[in-house]
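Have a look at the structure below, then the notes.
The values are calculated or read from the model by the stated rules, or taken from the named source; none is laboratory data. Here the structure is a predicted model, which means the values were calculated and not measured. Virtual Cβ from ideal backbone geometry, glycine too; neighbours counted across all protein chains shown. What goes into the accessible areas is simple: the full protein's heavy atoms, side chains included, and nothing from ligands, DNA or RNA. Shrake-Rupley method; radii C 1.70, N 1.55, O 1.52, S 1.80 Å.
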Amino acid sequence: MKQKIGVYICHCGTNIAATVDCEGLARFAETLPGVKVARDYRYLCSDPGQDLIKNDIRDLSIDRVVVAACSPRMHEVTFRNAVSSEGLNPYFLNIANVREQCSWVHKDREKATDKAKQILRAAVARVLRQEALTARKVEIKPSALVVGAGIAGIQASLTMANEGMKVALIERAPYIGGHMAQLDKTFPTLDCASCIFTPKTVEVARNKNIELFICSDVLEVKGHVGNFRVTIKKHPTYVDFNRCTGCGDCVEACVLKKGMPSEFEESMARRRAIYIAFPQAVPLKAVVDKESCLLLSKGKCKKSCVKACKAEAINFEQKEEVVEREVGSIILATGYDLYDPHLLPQYGYGLYENVITNLQFERLASPSGPTRGEVLLKDGAVPKGIAFLHCIGSRDENANLYCSRVCCMASMKQAHLAKEKTGAEIYEFYIDINAFGKGYQEFYKRVREEGIYFIRGKGSEIFKRDGRLVVAAEDTMLGTPVEIPVDMVVLGTGLTARHDAEKVAQVLGISQSADRFFMEAHPKLRPVATNVDGIFLAGCCQGPKDIPDTVAHASAAAAEAMSLSAQGEIEVEPTTATINPDLCAGCKLCIEICPYSAIDFLDAKGISVVNEALCKGCGACTAICPSKAASQNHFTQDQVLSEVEGLCSH
Ligand SMILES: Cc1cc2nc3c(=O)[nH]c(=O)nc-3n(C[C@H](O)[C@H](O)[C@H](O)COP(=O)(O)OP(=O)(O)OC[C@H]3O[C@@H](n4cnc5c(N)ncnc54)[C@H](O)[C@@H]3O)c2cc1C
């Protein structure tokens, strides 16, 4: 059958028309094979513009459409809808990008018009070979998985659960809350972190729609948007949570008196082998650390904890459990790690006992911390001088280039608390102050007025002289080197992606940015979506954020998951790959290269097959297949080559 192509050229105001002769382009289009009608119009995406196309489909029996306009990322969906509203298959449309790839990047009108003709000729050649495709519909399960129970994961879970969605919340630590649980007061309002936070953790534990998995990891994720099957590994805690009352008798009885450095206290205190992370922990249950428990690691212990437990909750026979859940969407909220200051030895972290990180300072300042909120040196004395060093591991070519965003504010908050608690001389060494949030600049002004010394210059080294620590820096305001003796140094350590971010990204099939944080689908327009439909990001796992931004990001991720769930079913693009069984040589190269694990090998037949539900149509298998068995709907070799020939011919 001979096709009848309609070609429509958009002026895009003057965006295209100022550089490309749109009327001339339309006249040129009329000469191309198969073209029945060619028109140009000021704004094709407007209703009257779309009506031109619809009328021609109806009145002139146009059965292929080429729109020469902006990038298909802008309006392909708009024109597909216009085409299909007249009963034409939406995949009989092709977009010739004559704006971003032509008018915007050229000045010479004649040459730009010539290039536009080439682009148009290629698009017309291709549309002749396009085939009708039908989008599949998939059902969406009205449930979600949230990985990580810091403030981001908690906010996302509660938002969804309160709207009636079932949520499986996975946390690998023995308590929920993440880093926020470790903070003392929060900038800029200085309200106590646990006062705003504990009600939320308690609400999670009580909410009937939230199934909480503590000490757990995600092992495997299979499936696709709307239908993910997740395998969760529950590590043994050796305590039956249904029986444990959180009384702490077992902790007192544990024979490991010297203990291990407490993870929650950032090694500022020690814990036993059986322990409750902190008094307000949710869930308030004891857990056994396999590595430090004498019975589990060495097989030798009198089991005093078992004897002390009146609830008979301790069970050393407990085994690892693997459970599966089916969910419609996934929200990743795995947060951040603190930059490891051992990597910058000039600051003496690990060498001098009174050089600590900003998170360690949070624990010192906290009333529930190891010193009950007193800011003290290791020997118990009150410091007379404290230095806060900004940008440790951030904005540094030898560490991370990016700004960690929260450390300036955290340092100033801590300077305020240190002054209040000790009356010491306080110094802030900074490059410049990042006080970006609501009320942050005002807080900076307030701290300056409290008599804290701000020295503009990054601390370059810490050494000891006459029993005191000395911070060396260059004061860039005075233009001279300075050496300030103090008793305590707090390193403003930056935020980094989690140490296992690569592994998590691999399990979920999502991408990471150059800084290793998980990558959003679009930095401005889709900041919570990922490259995998149905998987969203919340909080610091996407990049450093303060609490307000984390909460807003998590709420947005929850809203995306809820709107997906509300649709009931969604259409999946049919531009997936196929493998011709007659041509497949069974080399498995496609299986190795597929980033979505969408290709299986049929041992019995010795060939590869595409799982359409998982395929994202990236084309990697098509490019690598040596026997040309793999091909991709809407991007077949025939279609792509016809476009290339169209570009090359004159
Ligand atoms: C010293 C310091 C002070 C700060 N003070 C303030 C302040 O005063 N005000 C403010 O607004 N912000 C402050 N912040 C920033 C604040 O800590 C973050 O905004 C907030 O904690 C981010 O929360 P999150 O949930 O994204 O990440 P996190 O708190 O890191 O939580 C992530 C959770 O995911 C879990 N997890 C990680 N990987 C996995 C996995 N693979 N499987 C299961 N679970 C996993 C973790 O155990 C953790 O519970 C401060 C930061 C620092 C370093």
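The mean sequence distance of close C-alpha pairs (under 8 Å, at least 6 residues apart), as a share of the length of the range 164-300, puts its relative contact order at 22 percent. The coefficient of translational diffusion for the range 1-109, derived via Stokes-Einstein from the alpha carbon Kirkwood radius under 37 °C and 0.692 mPa s, stands at 239 µm²/s.
Which three numbers, in whole Å and largest first, are the semi-axes of the equivalent ellipsoid of the range 359-490 derived from its Cα gyration tensor as √(5λ)? Please report the intermediate quantities before stating the final value.
On the way: eigenvalues 95, 74, 43 Å².
Over the Cα atoms of the range 359-490, the ellipsoid semi-axes are 22, 19, 15 Å.
Past 18 Å, Cα to Cα: identify those pairs from K233/K503; K141/K200; K384/K464; K233/K319, in the order given.
Distance filter (> 18 Å) returns K141/K200.
Which of the peptides 51-63, 68-80 is most tightly packed, and how do the rest follow, going by the mean number of other Cβ atoms within 10 Å of each residue?
On the way: 51-63: 16.2, 68-80: 18.9.
Result, highest mean first: 68-80, 51-63.
Looking at the range 199-250, the accessible area is 48 square angstrom per residue; that uses a 1.4 Å probe and ignores ligands, DNA and RNA. One way to sum up the overall shape of the range 471-603 is the equivalent ellipsoid from its Cα gyration tensor, whose semi-axes run 45, 22, 12 Å, largest first.
Under Stokes-Einstein, with the Kirkwood radius over Cα pairs standing in for Rh, what whole-number D in µm²/s applies to the range 115-177 at 4 °C and 1.567 mPa s? Intermediate results must be reported in sequence, preceding the final value.
Working: Rh = 16.0 Å.
The Stokes-Einstein estimate is 81 µm²/s.
What size of dipole, in debye to the nearest 20, comes out for the chain about its Cα centre when the only charges are +1 on Lys and Arg C-beta atoms and -1 on Asp and Glu C-beta atoms?
On the way: 77 positive and 79 negative charges, 172 e Å.
I would put it at about 820 debye.
Looking only at the range 506-535, which residues have a backbone nitrogen under 16 Å from a spot 7 Å from the Cα of H634 in the C-beta direction? Inside the label zone: 532-533. Here the scattering of the range 453-525 is modelled by Debye summation over its C-alpha atoms, one equal scatterer each and no solvent; at q = 0.15, 0.23, 0.25, 0.28 Å⁻¹ the log10 of I(q)/I(0) is -0.68, -0.99, -1.12, -1.28. Computed from backbone phi, the HN-Hα couplings of the range 503-511 come to 5, 5, 4, 5, 4, 9, x, 9, 9 Hz, rounded to whole numbers (Karplus: 6.51 cos²θ - 1.76 cosθ + 1.60, θ = phi - 60°; Gly and Pro given as x). Between amide H atoms placed 1.01 Å from N, distances below 5 Å from F388 occur with Y427, E428, F429, V490, all of them 5 or more places distant or on a separate chain. Given their separation in residues at 0.36 nm each and the Cα-Cα distance between them, R27 and D582 gain 195.3 nm when the chain is fully extended. Mean projected area of the convex hull spanned by the Cα atoms of the range 50-105, taken over all viewing directions: 3.6 nm².
In the range 433-488, the C-alpha radius of gyration followed by the widest Cα-Cα span (Dmax) gives 13.9, 43 angstrom. The distance between label points at Y453 and A514 comes to 3.8 nm (points 7 Å beyond Cα on the Cα→Cβ vector).
If we sort 171-183, 375-387, 533-545, 403-415 on the protection proxy, mean other Cβ atoms within 10 Å, highest first, what's the order? Walk me through the numbers on the way to the answer.
Numbers: 171-183: 22.3, 375-387: 16.5, 533-545: 27.3, 403-415: 24.8.
Highest to lowest by the protection proxy: 533-545, 403-415, 171-183, 375-387.
Cβ-Cβ distance of T476 and K445, R₀ of 25 Å, FRET efficiency by 1/(1 + (r/R0)^6): the value works out to about 0.75.
Enter the Cα centre distance for the pair the range 540-576 and the range 55-74, rounded to the nearest angstrom. If you average the Cα positions of each part, the centres end up 33 Å apart. As a fraction of the 1.4 Å probe accessible area of the range 502-642, surface on carbon and sulfur atoms comes out at 55 percent.
Please compute the per residue accessible area over the range 49-93 with all protein chains in place, 1.4 Å probe, rounded to a whole number of Å². Here the per-residue accessible area is 41 Å². Legend: Rg and Dmax of the chain, from Cα coordinates, 30.9, 94 Å. As an exercise, use a Förster radius of 35 Å and the Cβ-Cβ distance of K222 and L133 to find the FRET efficiency, rounded to the nearest 0.05. After rounding, the FRET efficiency stands at 0.90.
For T636, what charge total do you get from the other residues with a beta carbon under 13 Å from its beta carbon, if Lys and Arg give +1 and Asp and Glu give -1?
Details: positive: R126, R129, K628; negative: E131, D638, E643.
Its environment carries a net charge of 0.
Counted over the range 549-650 with a bin width of 5 Å, the fraction of Cα pairs per bin, in whole percents, is 2, 12, 17, 15, 13, 11, 10, 9, 7, 4, 1, 0. Residues in the range 110-119 carry Karplus couplings, in order, of 5, 5, 5, 5, 4, 5, 4, 5, 4, 4 Hz; the curve used is 6.51 cos²θ - 1.76 cosθ + 1.60 with θ = phi - 60°, and Gly or Pro positions show x. Based on Cα contacts under 8 Å between residues 6+ apart, the chain shows a relative contact order of 13 percent.
Each of V202 and S84 was given a label point 7 Å from its Cα along the Cα-to-Cβ line. The distance between the two points is 5.0 nm.
Taking the Cβ-Cβ separation of D108 and S71 as r and a Förster radius of 22 Å, what is the calculated FRET efficiency to the nearest 0.05? Let's see the in-between values first.
Working: r = 21 Å, r/R0 = 0.98.
FRET efficiency, D108 to S71: 0.55.
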